[in-house]
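To start, the structure itself, in structure tokens.
The values are calculated or read from the model by the stated rules, or taken from the named source; none is laboratory data. Nothing here was measured: the structure is a model prediction, and the numbers come from that model. Reconstructed Cβ throughout: ideal geometry from the backbone, glycine too, with neighbour counts over all protein chains shown.
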Amino acid sequence: MTAKKAAQTAVLLAVALILGFLENLLPPVFPMLPYAKIGLGNAAVLLALIWLGVPYAAIILVLKCVIIGLFSGAPTMILYSLGGGILSFTAMTLLLKIGANGVPAVSAAGGVMHNLGQVLVAMAFTGTAGIAVLLVYLALFGLVAGAVIGVVVYFVDLGVKRDKKGEQNA
């Protein structure tokens, strides 16, 4: 790992953590689904995936899940976060590798897969398949939230690329 990549990874990890902690302070978007979160910190993971590649983004994902889980006072949250995060990360990585059409679409798929992963973890913990009924609502929420995060990531990426291009022409 070069010093530049280490610094970029550290900055994106800090962004992911700040956004994750901020999101934990916000009230639930839907009170009937109190654990449904927009996934603000996942924007930094997706940016890392695009800019730095799989290994660096994976480091950010795992550290984000563990650190936020430990500091939130709910260590079991780590398992839910990792379950959803790994499934989401795998799907987004594969979609980016095959040249999927657009960051918002990739992120939307990631949002759906994240919620699927969390429901699977919940089913494993409780031994109750009935929890799967929540997936209907969570998949829809993940699709919308993921698309919104994807649009933000798209414009951040576009802005950074534009700035880099301007620096090269100066």
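Go through the stretch 1-25 and give me each residue that's closer than 13 Å to Ser72 by Cα and of a type in the set (A, V, I, L, M, F, W, C).
Leu17, Ile18, Phe21, Leu22, Leu25, listed by residue number.
Among the helices (runs of 4 or more DSSP H) contained in the stretch 1-103, which hold 3 or more residues that are surrounded by fewer than 18 Cβ atoms within 10 Å (Cβ to Cβ) and in contact (Cβ under 8 Å) with a residue 12 or more places away in the chain?
Once the helices (runs of 4 or more DSSP H) in the stretch 1-103 are filtered for at least 3 residues that are surrounded by fewer than 18 Cβ atoms within 10 Å (Cβ to Cβ) and in contact (Cβ under 8 Å) with a residue 12 or more places away in the chain, what remains is 3-25, 54-71, 76-97.
Considering (1) at pLDDT 90 or above; (2) over 20 Å from Leu17 (Cα atoms); (3) of a type in the set (S, T, N, Q), say which one Ser107 fails and leave the rest.
(2)
May I ask you to verify whether Val144 is under 20 Å from Ile38 (Cα atoms) and surrounded by fewer than 18 Cβ atoms within 10 Å (Cβ to Cβ)?
Spelling it out, Val144 is indeed under 20 Å from Ile38 (Cα atoms) and surrounded by fewer than 18 Cβ atoms within 10 Å (Cβ to Cβ).
Answer with yes or no whether Leu143 is at pLDDT 95 or above and either small (Gly, Ala, Ser) or in a helix (DSSP H, G or I) (or both).
For Leu143, the condition - at pLDDT 95 or above and either small (Gly, Ala, Ser) or in a helix (DSSP H, G or I) (or both) - is met.
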